[in-house]
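Down below is the structure, laid out as structure tokens.
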2 protein chains.
Amino acid sequence: MGVAANFVVTVEPAGADEPDALSALARLLASDMDACNQAIVARMTSPVALIPQLAAHIVAAGGKRLRPLLTLAAAQLCGYEGNRHVALATCVEFIHTATLLHDDVVDESQLRRGLASANAVFGNKASVLVGDFLFARAFELMVEDGSLKVLGILAHAAATIAEGEVLQLATQNDLTTPESRYLDVVTGKTAALFAAACQVGAVVADRPEAEEQALAEYGLKLGIAFQLVDDALDYAADQGKLGKTIGDDFREGKITLPVLAAYAVGSAEEREFWSRTIERCEQTDEDLDHALALMARHGAIAITLSRAQAYAAEARAALDMFPAGPMRSTLQAVTDYTVQRAF
Amino acid sequence: MGVAANFVVTVEPAGADEPDALSALARLLASDMDACNQAIVARMTSPVALIPQLAAHIVAAGGKRLRPLLTLAAAQLCGYEGNRHVALATCVEFIHTATLLHDDVVDESQLRRGLASANAVFGNKASVLVGDFLFARAFELMVEDGSLKVLGILAHAAATIAEGEVLQLATQNDLTTPESRYLDVVTGKTAALFAAACQVGAVVADRPEAEEQALAEYGLKLGIAFQLVDDALDYAADQGKLGKTIGDDFREGKITLPVLAAYAVGSAEEREFWSRTIERCEQTDEDLDHALALMARHGAIAITLSRAQAYAAEARAALDMFPAGPMRSTLQAVTDYTVQRAF
């Protein structure tokens, strides 16, 4: 991919017969993913009608099912031939959906994947409670599966996600946040579940510790890259393509790498601008454009994407120990896709 | 206890050397409970400082630790002599604390009415996330304990709690809610965790299914009685004694038995009053007093308490299969205490 000097990044579009890597992964795993989608619908049932209604709303808004795809892919990469991975991919998606529902409350975001967020439609309280239900249901499914090891991995991931989100809360509006702390947030709130999703695939296949750790490493680094790109997109996305508004993080005073990078090398006057807009959240209509201009001046988006590319490369390398084949090469291609998407 | 014709209920106070049953239970379990309190503090640690700070705040405020006491008591009643019950009582308290934190989340509609400051919004965020952390940490502790059966019981209880809370949202402001549906809410949001807390005590002691079920039954019926009394107290508590304001449920338009009982036999004019205040939530300063007067007229609090007493009696009877002794008699006395507290 090419990283332009400006904050808008351009990539060569994939040809018609050369789909993006994530679509290719979904195609490779089509039958497993069908089974997983069926399990998702079947297991979110409840006699309390509002639960499947609200859960369906967010699951239908659906996105790419990246995390369950990772579980299915990791299991196949490890040569697994049973069907436990389908239920565990469902658990991973339920945990992810629960965090999305709780995230919508936390961020008071009005838009999630271009649709009205669940909390805007159903209320904060319903989002919290249905998230709790999905979280608990995920653990019920894991108990049915019967592996304490899997339960341990996903319980730990769930605790780590919450820690990452709380840490994010603690760094909000704080421009003195070191980059390492920002990376702790990213690792917790996003990469921990990517890592666990991949690791669980190796666990069901009963593969040696080294393969399990390699897959966890792949997921971790992929997840960090994914979140770094998300944070760049919040300032640089092609809005028409992504269906998401630019500047949400800015308006919330969220500390992300694009801001930290521009702030680090900013003049005294620029630092006062960041201080007013991010720390004190005193913003006018023109401030986002000025923030974008400062990021362009200092290459803040390019810095963020280059960091993401480095993590993507580490993710790619982590899979080298597995035998070459379509699953490995597609998972490796997903690392590039993650950095290139939606610009 | 005596149920007065009016809505204020009076009981004989316990003598100085005859403590209430819950204090007696805490005394019987003092050393286990010390260990549990230490585990609660030790296991809510996190490198993210805000987590132990907030968790400690709510755990410290946390009252009588009734639920973990039930786990410890059930284990001792079953003759258990190990120490797994301490960690599991900690799990039960973490799950309870998580649900309390999530219960406190303010809805957007309330925010819009201007009741919540920016501070309260920060409280919303922290409440959701620290609740999530405690919930996940509870499952990590269960994985350490290593019993899939315990994991299954508490995962199922957690899902049932969420279902009960969502059902409560769905019945809010709806005076046509049948009493059976109200009991479903009570069973889900409160009694399910009481039942699981007790059952887990029998499971660690590896007792026969019949004893396990008897303890689950005790917890279930005790929990229903407990919540019915809570709902009565919201209209009839001695505010000085309980340190809690009267009328919270009324102001929220919550459907509880005192309201359903008064509404069921109300005149057309009374029904219009309930419809305005509970369904449409159009309330003036005098409305709570009028609601209390209507409840007194129709014995709505007495009806609620008499229902609670019946469940308490069922709870008491469920323990008859266990050998007589101080633990059994104290647990049985707790059923009476539950109905008598704070009037």
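A few points about this structure:
- Folded to 0 to 90 degrees: helix A:209-236 orientation relative to chain A principal axis, Cα: 40 degrees
- Working note: Cα atoms of region B:244-343, range along each principal axis, descending, whole Å: 54, 27, 19.
- Relative to the other identical copies, residue B:313 shows label-point distances of 7.8 nm, where the label point lies 7 Å from Cα along the Cβ direction and values run shortest first.
- Taking the average, over residues, of other Cβ atoms within 10 Å as the packing measure, peptides B:182-189, B:77-84, B:314-321 rank B:182-189, B:314-321, B:77-84 from highest down.
- Counting every C-alpha pair in the protein assembly as shown, the share spaced more than 41 angstrom apart comes to 34%.
- If you take all other residues with their beta carbon under 12 Å from the beta carbon of residue A:96, and give Lys and Arg +1 and Asp and Glu -1, the sum is +2.
- Which listed pairs, of A:254/B:125; A:149/B:64; B:125/B:149, have C-alpha distances above 25 Å, in listed order: A:149/B:64; B:125/B:149
- Across peptide A:97-105, the average count of Cβ atoms from other chains found within 10 Å of a residue's Cβ is 3.
- Here is how far apart the residue B:276 label points are across copies: 5.2 nm, shortest first, using a point 7 Å from Cα toward Cβ.
- Taken residue by residue and averaged, Cβ atoms of other chains lying within 10 Å of the Cβ of B:138-146 number 5.
- Taking a ≥ b ≥ c as the square roots of the eigenvalues of the Cα gyration tensor, region A:147-211 is prolate, since a/c reaches 1.5 or more and a/b is larger than b/c.
- Take residue A:81, push a point 7 Å out from Cα through the beta-carbon direction, and compare it with the same point in every other copy: 5.0 nm, smallest first.
- For peptide B:40-46, the mean count of partner chain Cβ atoms within 10 Å of a residue's Cβ comes to 1.
- Pairwise centroid distance, computed over Cα atoms, of region A:192-261 with region B:149-188, Å: 35 Å
- Prolate/oblate/rounded call for chain B, Cα gyration tensor, a/c under 1.5 rounded: oblate
Any read-out appearing in this document is the output of simple, stated calculations on the displayed coordinates, not a laboratory observation. What you see is a predicted model, and the numbers here were worked out from it, not measured in a lab. Note: ideal-geometry Cβ built from the backbone for every residue, glycine included; neighbour counts use all protein chains shown.
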